[in-house]
Structures are given as C-alpha cells and as structure tokens.
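Presented below is the structure to which this report refers.
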Amino acid sequence: MPTIARLTALEILDSRGRPTVRATCTLASGASGTASVPSGASTGSAEVLELRDGDPARYGGLGCRTAVRHVAEDLHLALAGQPFDQAGLDRAMVALDGTPNKARLGANAILGVSLAFARAAATEAGVPLYRYFADLAGVPLATLPRLTINLFSGGKHAGGQVPIQDVLLVPVAARTIDEGLAATYAVYQAAAELTARKYGTRALTADEGGLAPPFPDAEAMLADAVAAIEAAGLAPGSGVALAVDVAASHFHREGRYHLGGDPLDSAGMIDRLAGWRASYPIVSIEDGLAEDDWANWPTLRARLGDDTLVLGDDFLCTNPARIRRAIDAGAASALLLKVNQIGTLSEAAEARALARDAGWHVTVSARSGETEDDWLADLAVGWGGQQIKVGSITQSERLAKYNRLLAIEAETGLPVVTWPEE
Ligand code: PGA
Ligand code: ZN
C-alpha cells in the first residue's frame, strides 16, 4: 500500500475567479499527484460543506485558506507516515473530520487529498488514472461515456433570464468522442447564428459556456435547440437528441413551481415535463422536480417511462442514503454523480455501485465552477459512466476534460456506449 509522505495544498482560482483548493500528495516512493477541486453554484441542500474562510474583505468571504491549512497541517500531521489504500484513506479522513457533512475540515480539503492520493497511487503503480479508477470500483474498462454537452443556459448559471438551467446536446449517432464533438461544434455554431438573429444579441454565454440569449420561456429554448440541430444538417432525435437540466429546486417555492405563467403544483409540473418529452427529442430529464418533492418523483419516473432517464442531481446529491431511499421508492432511473457533493472518492464509488446495482444509469458530472484539471474524464471512463456532463465546448476548464477524453479514446480505442445499452 502507498505510504503518504507529505500533503500540501494551494489556494487557486476556479472558472468563476473564485478560490478553490489544489492539493498535492507525495508518497514515500517519491511518486506524487496533484488535483483541483470544483465548486457548484446551483447546489443541492444535502451536499457536504465546502469550507470558506468567511472573511468579507477577501474574495467576499469565499477564500479557501482555512481548507488549505487543513490539508497541509491537520491532514498532513494525522496521515503522513502511514500506508493507505483509497478506502482506508477516505475512511480515516471522514473519521478525523467527525461531522456528518465534513464541516470541520471541509469537503474541499478532504476531496483534494482523496483525488491527489488517487493520482499519486496511479503514478506509483504505473497505470493511467482511468485504470486506477476502474480497479477502485471493480468495473471493467469497456466503453467511453456518451457526451451530453451544454448548448443553452438559464437559471442560476445565466442570471435567471429563464427558469430552467440547461438544454444539452446528446450526439446519439456518434460512435466516437471525436464524432460527438464535431457534431456538437456544428450545432453550437448554428445555434449562435440562430439566436443572434432571433434575439438580436451577441453570443453571450453563461457559467458553463452555454449560449444565454433572453429566451421568452423554456419551450423556446427547446424549440431553438431543435432548429439549430436542423440548421446544422443533423437529424433531431436520431442524430442529435436533447437532455434537459430543469434544476427545479431553484424555482420551487411554497409547494409551487414558478416556471413562468401560473405557478404549477407537482402534478402540473409533471404534465409540463411529459409534454416536453412528447414534443421534443429529449432522452434525459435532470431534477425535473424539486429536491424535497419526494412524494412526486415516483410519478415523474412512471410518466416518463423507461425511454427517458429520470436523473437526480440536487435530488440525490451523490449521497448513498438518499440514493437508497430513491431506489426503494422507484423515484428515479439515473444518478448524476458529482464527487464534491459527497467529498471522497470512496463514498462516490458507493453511490455509483448502488445506482448501477439498481439498474440505473450514471452521468458523471463536472460543476459550474471548474478548473483546468482533467481528472473527471478519467473518472467517467474508469467508472463506466453511461454519460458525461461537463458543460459547453467554448471554455478551457471544460475543454480540458473533452481533450482528455480524446486522448483516452486514442490510447484505448474503446467505443462510446450505445443507446440503449445492455
Ligand atoms: P452546479 O450545477 O452549479 O451546482 O455545478 C450544475 C448542475 O446543476 O448540474
Ligand atoms: Zn443539475
């Protein structure tokens, strides 16, 4: 087992210019690994705690110097000199933290170390990171994830000009990452022209690089996406399909969904989603209901059937207890996996295994605040994710992951998951 010799960390800036943690783990063998932690804006309330300094005079309180100190002092002193495997290290950090939501040491400190150790251990073993992740989860390396790429943005990522958060392109006909990206580029260019003409705005983009013109409503976002696919000479549905991140928690107040027009109750919201599914080529609907609307998620799943993924992000928060409850209730059919929602690789692996054992699909996802680090691509491949969600193709913190997928594709020759697989 690798022995940790030294843990260090640095406060760096994410794609929104906000501080985050970059951790480095050096092993006794001399091998070392560095990893950076992402950060969400459209967060679920069951996420573990991202520790911020709270000093209003510095980055509006968002500084990460305390979390950095927790890596370089507390975690270093407690863990250096000892041999660990990934599960043992993650368990030790959870125990050292001692809180249910990683509030003492900070999930950003803990995840930085969990990831940096993974990189160092992969280097020590002489294997690519995706293979280390595959071995960790006991998953055969067989496929690459299908791309789901942000085209249009709204909600918390775009100043709320329209309530729903993302309309994504799913290049279903593409057999390779390379083809999927080329198709996405064509649609993105067509969409930029179409929206500039229609809304008279320049190609303004949101946090994840999606186009964010002043759509009058969610239906316009969906219709414009279909029009852009057609304008690019591709077939909506069979060539390029759509996915939607409704992020419904963020427009749900006092039991009503404020989607524009009259507020909807849960049944009305489910009707609206089923209507979108009938009118547009949608293969996946994320957070179609609010994170605490437990009673109605099973109806949503039943209404959308097996041909549309009912994907839980804020609803599940990569949290094994929430996932178990949702499986028992028949409340979803897919997990959106964000490692920093739970704070260690081992707990995220448990979340993945629960979802897969229940026959669910897994979408491995970035956050809206990202860095140039590319470990997410290795994770999505290593854990056999059916889909990956990274954002658009216009910003380098996203492209780092797409470019890493291209490199993994060239190195392994693995095929992209076909739909429906299995
Ligand atoms: P984030 O949200 O801003 O919390 O990263 C992205 C998402 O909802 O999928
Ligand atoms: Zn989401």
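The values are calculated or read from the model by the stated rules, or taken from the named source; none is laboratory data. These numbers were taken from a predicted model, which means no experiment stands behind them. All Cβ positions, glycine included, derive from the backbone under ideal geometry; neighbour counts span all protein chains shown.
Within the bounds of the stretch 131-149, is there any residue that is polar (S, T, N, Q), within 16 Å of ligand 2 (Cβ to nearest atom), outside the structural domain of residue 27 (by TED's automatic domain parsing) and surrounded by 24 or more Cβ atoms within 10 Å (Cβ to Cβ)? Within the stretch 131-149, one or more residues are polar (S, T, N, Q), within 16 Å of ligand 2 (Cβ to nearest atom), outside the structural domain of residue 27 (by TED's automatic domain parsing) and surrounded by 24 or more Cβ atoms within 10 Å (Cβ to Cβ).
Quick test for you: out of 222, 289, pick the one residue that is surrounded by 24 or more Cβ atoms within 10 Å (Cβ to Cβ) and either modelled with pLDDT of 95 or more or within 16 Å of ligand 2 (Cβ to nearest atom) (or both).
Details: 222 fails: surrounded by 24 or more Cβ atoms within 10 Å (Cβ to Cβ).
One residue alone meets the criteria, 289.
One residue stands out among those in the stretch 292-321 that are within 13 Å of ligand 2 (Cβ to nearest atom) and on the phi > 0 side of the Ramachandran plot: the one that is surrounded by the fewest Cβ atoms within 10 Å (Cβ to Cβ), which is 317. Counting only strands (runs of 3 or more DSSP E) that sit completely within the stretch 330-418, zero hold 2 or more residues that are in the same structural domain as residue 89 (by TED's automatic domain parsing), touching a strand residue (DSSP E or B) at 6+ places or on another chain (Cβ under 7 Å) and modelled with pLDDT under 95. Quick one: would you say residue 192 is outside any loop (DSSP other than H, G, I, E, B), over 27 Å from residue 320 (Cβ atoms) and either under 22 Å from the mean Cα position of the chain (by Cα) or within 16 Å of ligand 2 (Cβ to nearest atom) (or both)? Answer is no for this residue.
Looking at residue 244, is it aliphatic (A, V, I, L, M), within 16 Å of ligand 2 (Cβ to nearest atom), surrounded by 22 or more Cβ atoms within 10 Å (Cβ to Cβ) and touching a residue at least 24 places away in the same chain (Cβ under 8 Å)? Spell out the reasoning first.
On the way: aliphatic (A, V, I, L, M): yes; within 16 Å of ligand 2 (Cβ to nearest atom): yes; surrounded by 22 or more Cβ atoms within 10 Å (Cβ to Cβ): yes; touching a residue at least 24 places away in the same chain (Cβ under 8 Å): yes.
Yes.
For the subset of the stretch 136-181 comprising residues that are acidic (Asp, Glu) and in contact with a helix residue (DSSP H, G or I) (Cβ under 8 Å, 6 or more places away or on another chain), which member is nearest to ligand 1 (Cβ to nearest atom)? So that I can check it myself, show each step before the final result.
Going through the stretch 136-181, the residues acidic (Asp, Glu) turn out to be 166, 178-179.
Those still in the list that are in contact with a helix residue (DSSP H, G or I) (Cβ under 8 Å, 6 or more places away or on another chain) too: 166, 178.
Details: 166: 7, 178: 25 Å.
So the residue we want is 166.
Taking the criterion of being away from ligand 2 (no atom under 16 Å from the Cβ) and in contact (Cβ under 8 Å) with a residue 40 or more places away in the chain, the residues of the stretch 322-372 that qualify are 343, 344, 345, 346, 347, 349, 352, 353, 371, 372.
Please count how many residues of the stretch 159-181 are farther than 16 Å from residue 390 by Cα and either away from ligand 2 (no atom under 16 Å from the Cβ) or among the aliphatic types (A, V, I, L, M) (or both). Residues flagged as farther than 16 Å from residue 390 by Cα and either away from ligand 2 (no atom under 16 Å from the Cβ) or among the aliphatic types (A, V, I, L, M) (or both) within the stretch 159-181 amount to 10.
Look through 254, 208, 230 and report the one residue that is of a type in the set (D, E, K, R), in the same structural domain as residue 400 (by TED's automatic domain parsing), out of contact with any Phe, Trp or Tyr (no Cβ under 9 Å at 6 or more places or on another chain) and within 16 Å of ligand 2 (Cβ to nearest atom). So that I can check it myself, show each step before the final result.
Values: 254 fails: within 16 Å of ligand 2 (Cβ to nearest atom); 230 fails: within 16 Å of ligand 2 (Cβ to nearest atom).
Matching residue, one of 254, 208, 230: 208.
Taking first residues from the stretch 154-167 that are closer than 16 Å to residue 311 by Cβ and charged (D, E, K, R) and partners that are within 10 Å of ligand 2 (Cβ to nearest atom) and not in a helix (DSSP H, G or I), the Cβ contacts under 6 Å between residues at least 6 apart in sequence or on separate chains come to 166/245. Taken together, the residues in the stretch 257-282 that are touching a Ser or Thr at 6+ places or on another chain (Cβ under 7 Å) and away from ligand 2 (no atom under 16 Å from the Cβ) amount to 2. Reported count of residues in the stretch 239-287, each being within 16 Å of ligand 1 (Cβ to nearest atom) and not hydrophobic (A, V, I, L, M, F, W, C), is 7. The criterion of at least 3 residues that are under 15 Å from residue 347 (Cα atoms) and more than 16 Å from ligand 2 (Cβ to nearest atom) is met, among helices (runs of 4 or more DSSP H) falling completely within the stretch 23-124, by 86-97.
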